[in-house]
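Heads up: the structure comes next, in structure tokens.
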């Protein structure tokens, strides 16, 4: 069996492959690579030291960044995650999903959460389209009083 080689086709495929390879290095693969400005995430409410009853209304604040739902890769954009009574997760892994790491992948900017009576720590964490951590807020402490 003879195999006939067509040098023009091989060269053409090599050229496409090389162009694709160069594009991966020339253009960012992840939107967070194109970040401009100095983004900041913070709590509008509750405030540090607040004494509240459950459910607790939480409103997220954001500066120099945009909201984009999970799964949509945009420049200077991501979605909120609320960390309750837990540490900042590993920045090399996707943000976990549990009762301590609540995802707002639909682009929500506020929520109400049920918390047991006692002291709780809260922190906001922005995640990119793939739930990879980007930047976070200061941690705040609140106290939830029992309903009488």
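Where a number appears in this text, it was derived from the coordinates with a stated rule and is not lab data. It should be emphasised that the depicted structure is a prediction, and the values quoted were computed from it without experimental measurement. When we count neighbours, we look across all protein chains shown, and the Cβ atoms used for this are built from the backbone with ideal geometry, even at glycine.
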Rough spin-label spacing in nm, given labels placed 7 Å along Cα→Cβ, for residue 112 and residue 74: 2.8 nm
Separation of the residue 138 and residue 97 label points, Cα + 7 Å toward Cβ, nm: 3.2 nm
Neighbour-count order for 59, 84, fewest beta carbons within 10 angstrom listed first: 59, 84
Relative contact order for the range 31-144, counting Cα pairs under 8 Å that sit 6 or more residues apart, in percent: 35 percent
Where labels lie 7 Å past Cα in the beta-carbon direction, separation of residue 147 and residue 119 in nm: 2.5 nm
Cα Rg over Rh - the range 40-111, Kirkwood: 0.96
Stretch gain in nm, segment residue 57-residue 88, where the contour uses 0.36 nm per residue and the Cα spacing is subtracted: 9.0 nm
Chain lengthening between residue 36 and residue 66 when straightened (0.36 nm per residue, less Cα-Cα): 9.7 nm
Ranking of 135, 91, 60 by count of other Cβ atoms within 10 Å, fewest first: 91, 135, 60
